[in-house]
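**Q** Before I ask anything, let me first share the structure, which is written out below as structure tokens.
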Amino acid sequence: MSRSVLTEQQVKIGEQQCKIFAVRFREARTKVGLTQRDVTKKTGITQSILSKVENGTQNLTIHRASVLADVVGVPLYQLFMPLP
């Protein structure tokens, strides 16, 4: 029996966590003074996808979330901290 191993590019984040990530990421991005355009240039993620990420309507993978966390200089786990 073979086992399927998922890579971080394949592991999806749940809907509620995507909404939390959206708020936390936007806060972090603006705090460090980056525009969406700056982020797209640094990551190769399109403006359309990034906008959906920040609105909480784009499904995320662990890999994409990690790339975005690196761009704003915030540990990934902090972008998933529960909202008040």
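Residues checked against (1) modelled with pLDDT under 95; (2) of a type outside the set (S, T, N, Q):
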{"position": "GLN9", "(1), (2)": "yes, no"}
{"position": "PHE21", "(1), (2)": "no, yes"}
{"position": "THR40", "(1), (2)": "no, no"}
{"position": "SER48", "(1), (2)": "no, no"}
{"position": "VAL53", "(1), (2)": "no, yes"}
{"position": "GLN58", "(1), (2)": "yes, no"}
{"position": "ARG64", "(1), (2)": "yes, yes"}
{"position": "ALA69", "(1), (2)": "no, yes"}
{"position": "GLY73", "(1), (2)": "no, yes"}
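**Q** May I pose another question? I'd like the full set of residues that are touching a helix residue (DSSP H, G or I) at 6+ places or on another chain (Cβ under 7 Å), in a helix (DSSP H, G or I) and either in contact (Cβ under 8 Å) with a residue 60 or more places away in the chain or closer than 13 Å to PHE80 by Cβ (or both), limited to segment 9-65.
**A** GLN17, ILE20, PHE21, ALA22, ARG24, PHE25, ALA28, ALA65
The values are calculated or read from the model by the stated rules, or taken from the named source; none is laboratory data. Note that the structure is a prediction, hence the values are computed from the model and not measured. Methodologically, a virtual Cβ is constructed for each residue, glycine included, from the backbone with ideal geometry; neighbour enumeration extends over all protein chains shown.
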